[in-house]
Every structure is written in C-alpha cells, then in structure tokens.
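K.L.:
After the structure tokens below, expect a handful of questions from me.
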C-alpha cells in the first residue's frame, strides 16, 4: 500500500479508533482553515517539521517558574475538577455544591462563574513576590477543562471580560510579568471540555429531583429572563452530543484522555474553534511559553489543530524575534520523536535520570484549584520540599514549574506566602547553584535513589519514594565549577561525597571547596572512598546546602 493510500485509509478509520501518534502520520482528519490564519515560516504542521525545534537558551537557564492555575473553579475554594465533579451525584463536590449554590439542575457551573469576582486580585504584588522567590518565568491559566476563557476571547463568549470578574485576567498577568522582567506563559486545557463536561448531562437517580436533568443540555433559548440571557450554555458546556462509552462511570475519562477507548470524538467545528481560540490567545498576548494539558498536542490524533497551533506559535515567535526562536511549548506523555518537537512536561513527578532534552516538572504546593481544606488541614508542601524537588529536577536537566494556588478573590493566603518567602530566602543564598547551570556527569547519589518510584502515565511519582536527607546529594555545574547540593545538615558536620572519591570514574581533583552563604573556604580531604568536607558550626540557611567545588 503506498503512503497516500495508507493515509486515506487512516482517515477513514479515525472515527472508529485513534491511531498511532508516530511522527509523519497525518491527523485522521484535517479541518478547513478559517478564522485565524496560521503563521507561515520554517515550521509546517507536521511532526517531521516540528523536529527542527531547539529549546531556547533562556529556558535552559531559567530552571524555575511559578504558575497561577487560577480560574472560575477557584470560586468555591473546593479543589480541582470541581466543574466536572459537582455533577457527580453523592460525591463530595456534589454535596458541597448543593449546600452552597443549589441543585445542579438549577445552579450549574455557569452560575459559579457568575459569582466569581476576583475582587482582590493584584498581579503586580504577586509577581513582585514571585520574582524575589527566584521565578524566571510566570505561567497563567488561559482556560481549564471548564471551557471558560480568562482573556478577551474573540471566539468564546464565555470569557472573563464579559462574565464573572469582567476583567482581562491574562492581560493583567502578562503586563505584570513583563514589568518584573519575567518571561510569560499561558496554560491551555480546554480541548477536553467535550468529554469532561459529560457529567453535566446527568440527573439525580435518587431523591426529590430524581430524573430532573442537570443544566448541561440547556440552550440559549432557555435563558430568557435569567442573568445569562443572550449567552448559549452549549458554547460553554459543549454537551449537545451522545455520551462516551461508560460515561456514567466518572473515572472512565482518564483512560479516554487520548480520544480512544470509546470517547465521543468531537466534530471538525469544535476542533476548529479550539484552534481559533488558541491562535487568538497567542496573537493577543505573545506568550513565551504555551503549556498544553494534553497527550502530545491537543486533539491529536483525531485532528491536526494542535500541530497547526504549534507551527503558528513557533513561526510567529520567530518573526517577533528577528528570526530567532524563543518560544517553548509543553506537552505530556511524549514519544522520543515528539520530545524533539517540544518540551516534555511531567505532572507531579520527576524523571529518574538525566534527560537528553530539557524537560519540566509541574507540581503544586496544594490542590491545582484552590482548596480551603488544604489550608485548614495544613497540607501544603513545605518550602523544604519545594527546594529539594527543584534541586533534584535541575540536576537531571529539568525545570520546575510550581503552582501557588490563588484564592477566589485573587489573593494567596498567609501560609502560602510564608512558603514562597521561605523559597526566596533559600534562593537569596543558593541561586548560583541553580540558574544557568547544566547537569554534571551524574545527577546525584544517596539512599533516596534506591526507592525512586517510576513514572505513571503523565507523571505522578512525586512523594512515593524515600524522603531526601543529609546523605542525598544532587549535582549541577557551570563550566569547571561543580555544585553539590546537600539535602540536609549532617549531624556530625561532615559531608561525604562518594562520587568524588579518587576511585570514582567521574571524580576530578579539587583544590577549593566552599559553602554558599559562608565566607571562608572549607577543610576537606579526598580519598579513594569519598571527598569529605567539614562544614562550619553555623548553618547558612535552611533546607539544603550548596557546596561549590573548583
């Protein structure tokens, strides 16, 4: 079978089952271009062409970014995926919603949006704090699976400039980030609204409202006399379609995330609208980073919209920068070939090796959307955990993108502020061992290596291994200078680095060892077994301690 006939056959089978994501295969169907034209240039909307990508130096040097995963789902302050789970009868979010807002047949997620005001949002104040904490780039959520755009969207009437806070959230974040000389990024999650909102098509099976449909099937005509008159709920919920297989099992969406296993596949019009919304976002706000919460690219392999968005991002970015590509695109669960096309993102997890290409961990100190229960029960990650994660990730050629949950009103709470201040204090002493560094010959040593958990799906291995301690060390380098980041203060004041013993294959001879934050050189000995460093009597800070060897 020749290639043209093969691709034609692939397209015919697409509606039955999504196909291989191998580079070079055409998307099962390609929609007619309309609305926002794709920028032309070096990159074409194919996996082969995208393999010309090279990670820009600014991102390789940055190492640390902070993320505001903030939108209308933060209004209830009840955690992540609220707009899906509030329609799951008997579940925790459902019970909370009925008590706070009313039954989802009468008060759906559209009504939660209506209550979100963001009245205390001060992006300049938050970005000033994040800059002190060492963030080199800042990410803001443009939309989530709830399909609500946090910007002045030309193609989505359900957006934050018209409804809810009636503010251009992305515009405000972008302005503040650039005022503080931070690279600016946007995260885009809305491609999956088609299946994600299927719970809104349900109704109670029990109780006085059994059989009364939730609001997921409402239309524009139903809004007469309501606060949302003139707006079409189907533009938000996108639920005028049959349910996916096993849709009544709420967890089934996870195995259908790649548009397989019985997921109801959206039509060309849905995919083209997503393309137009995202290109409009890129054109309006010129982000340096675009993060997709999708396997590979959004709507792949059922549509080529993600490939066209990627080509547009790269080409338009090059035009803005005089032919130099400065853009970064994040995607999840990438094949080795796809890792050449964009930056691999691992959610709530870390690689267990030095990766050949720059990658990123994204994680959160609490729940992705603000959750008051995390605050009440003191379940935030500590500043120490964040610092240890940063050191581990950077030693393996990665960056850390840290989400600090934002409350409904646009502020962060005092416990979060204290955590960020703790990171800032550590960075003030030790940032030299992080920013602008590259991996060494090995990434580290210590007992935590033996219990490191493997990745699961898009990540999710953080916190599953042994906690870091004083015997765990991570390495970074700048030129001929080596940094050994010690994950605790040893009780006897002696750091023993086995990888730097003279018998170790990777060990050079060192003539000078110092401790960042301490002004005097340190005493050390180098034997076959280890390089042993005597620490000063006073700690120069907390969490982790950086030895500088030359």
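The values are calculated or read from the model by the stated rules, or taken from the named source; none is laboratory data. Here the structure is a predicted model, which means the values were calculated and not measured. Cβ coordinates were reconstructed from backbone atoms using ideal geometry, including for glycine residues, and neighbour counts include every protein chain displayed.
K.L.:
If you take the residues of the stretch 262-286 that are more than 25 Å from the chain's Cα centre (by Cα) and in a loop (DSSP other than H, G, I, E, B), which of them is surrounded by the fewest Cβ atoms within 10 Å (Cβ to Cβ)?
P.N.:
Of everything passing the filter in the stretch 262-286, 267 is surrounded by the fewest Cβ atoms within 10 Å (Cβ to Cβ).
K.L.:
Which members of the stretch 57-76 meet the condition of being touching a residue at least 40 places away in the same chain (Cβ under 8 Å) and surrounded by fewer than 21 Cβ atoms within 10 Å (Cβ to Cβ)?
P.N.:
Of everything in the stretch 57-76, those that are touching a residue at least 40 places away in the same chain (Cβ under 8 Å) and surrounded by fewer than 21 Cβ atoms within 10 Å (Cβ to Cβ) turn out to be 58, 60, 61.
K.L.:
Yes or no: residue 462 at pLDDT below 95, outside the structural domain of residue 60 (by TED's automatic domain parsing) and touching a helix residue (DSSP H, G or I) at 6+ places or on another chain (Cβ under 8 Å)?
P.N.:
So residue 462 passes the test.
K.L.:
Return yes or no: is residue 384 within 28 Å of residue 50 (Cβ to Cβ) and modelled with pLDDT of 95 or more?
P.N.:
For residue 384, the condition - within 28 Å of residue 50 (Cβ to Cβ) and modelled with pLDDT of 95 or more - is not met.
K.L.:
Quick check, is residue 213 within 26 Å of residue 264 (Cβ to Cβ), touching a residue at least 60 places away in the same chain (Cβ under 8 Å), in contact with a helix residue (DSSP H, G or I) (Cβ under 7 Å, 6 or more places away or on another chain) and not assigned by TED's automatic domain parsing to the domain that holds residue 73?
P.N.:
It is false that residue 213 is within 26 Å of residue 264 (Cβ to Cβ), touching a residue at least 60 places away in the same chain (Cβ under 8 Å), in contact with a helix residue (DSSP H, G or I) (Cβ under 7 Å, 6 or more places away or on another chain) and not assigned by TED's automatic domain parsing to the domain that holds residue 73.
K.L.:
What do you reckon, is residue 142 assigned to a strand (DSSP E or B), touching a residue at least 40 places away in the same chain (Cβ under 8 Å) and buried (at least 21 other Cβ atoms within 10 Å of the Cβ)?
P.N.:
So residue 142 passes the test.
K.L.:
Applying the selection to the stretch 539-550, what residues are in a loop (DSSP other than H, G, I, E, B), at negative phi and modelled with pLDDT of 95 or more?
P.N.:
Matches in the stretch 539-550: 539, 540, 542, 544.
To keep it simple, each residue is scored yes or no on (1) assigned to a helix (DSSP H, G or I); (2) at pLDDT 95 or above; (3) in contact with a helix residue (DSSP H, G or I) (Cβ under 6 Å, 6 or more places away or on another chain).
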site: 291; (1), (2), (3): no, yes, no
site: 300; (1), (2), (3): no, yes, yes
site: 314; (1), (2), (3): yes, yes, no
site: 322; (1), (2), (3): no, yes, no
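K.L.:
I would also like to ask the following. In the set 297, 329, which member is in contact with a strand residue (DSSP E or B) (Cβ under 9 Å, 6 or more places away or on another chain) and farther than 19 Å from residue 59 by Cα?
P.N.:
Going through 297, 329 in turn, the sole match is 297.
K.L.:
Got a sec? Which of 135, 118, 193 is surrounded by 23 or more Cβ atoms within 10 Å (Cβ to Cβ) and either touching a strand residue (DSSP E or B) at 6+ places or on another chain (Cβ under 7 Å) or at pLDDT below 95 (or both)?
P.N.:
None of the others qualify; the one that does is 135.
K.L.:
While we're here: How many residues does the stretch 114-139 contain that are assigned to a loop (DSSP other than H, G, I, E, B) and more than 30 Å from residue 231 (Cβ to Cβ)?
P.N.:
4
K.L.:
Among the residues of the stretch 517-539, what is the count of those that are surrounded by fewer than 16 Cβ atoms within 10 Å (Cβ to Cβ) and in contact with a helix residue (DSSP H, G or I) (Cβ under 9 Å, 6 or more places away or on another chain)?
P.N.:
Matching residues across the stretch 517-539 total 1.
K.L.:
May I ask you to say which residue of 129, 163 is touching a helix residue (DSSP H, G or I) at 6+ places or on another chain (Cβ under 8 Å), modelled with pLDDT of 95 or more and closer than 29 Å to residue 280 by Cβ?
P.N.:
Being touching a helix residue (DSSP H, G or I) at 6+ places or on another chain (Cβ under 8 Å), modelled with pLDDT of 95 or more and closer than 29 Å to residue 280 by Cβ holds for just one of 129, 163, which is 163.
K.L.:
Restricting attention to the stretch 175-200, which residues are within 21 Å of residue 275 (Cα to Cα) and within 20 Å of the chain's Cα centre (by Cα)?
P.N.:
184, 185, 186, 187, 188, 189, 190, 191, 192, 193, 196
K.L.:
For the stretch 201-216, give me each residue that is more than 33 Å from the chain's Cα centre (by Cα) and part of a loop (DSSP other than H, G, I, E, B).
P.N.:
The answer is 204, 205, 206, 207, 208, 209, 210, 211, 212.
K.L.:
Given the criteria modelled with pLDDT under 95, outside the structural domain of residue 296 (by TED's automatic domain parsing), in contact with a strand residue (DSSP E or B) (Cβ under 7 Å, 6 or more places away or on another chain) and under 24 Å from residue 62 (Cβ atoms), does residue 455 qualify?
P.N.:
Yes.
K.L.:
Consider residue 321 carefully, then state whether it is surrounded by fewer than 22 Cβ atoms within 10 Å (Cβ to Cβ), farther than 26 Å from residue 237 by Cβ and either in contact with a strand residue (DSSP E or B) (Cβ under 6 Å, 6 or more places away or on another chain) or assigned by TED's automatic domain parsing to the domain that holds residue 37 (or both).
P.N.:
yes
K.L.:
Tally the residues that are buried (at least 22 other Cβ atoms within 10 Å of the Cβ) and either farther than 28 Å from residue 49 by Cβ or out of contact with any helix residue (DSSP H, G or I) (no Cβ under 9 Å at 6 or more places or on another chain) (or both), restricting the search to the stretch 351-363.
P.N.:
Matching residues across the stretch 351-363 total 2.
K.L.:
Does residue 110 satisfy the condition of being surrounded by fewer than 18 Cβ atoms within 10 Å (Cβ to Cβ) and farther than 21 Å from residue 175 by Cβ?
P.N.:
no
K.L.:
Is it the case that residue 221 is surrounded by fewer than 23 Cβ atoms within 10 Å (Cβ to Cβ), over 20 Å from residue 248 (Cβ atoms) and without any contact (Cβ under 8 Å) to a residue 40 or more places away in the chain?
P.N.:
Considered against the rule, which asks whether it is surrounded by fewer than 23 Cβ atoms within 10 Å (Cβ to Cβ), over 20 Å from residue 248 (Cβ atoms) and without any contact (Cβ under 8 Å) to a residue 40 or more places away in the chain, residue 221 comes out as yes.
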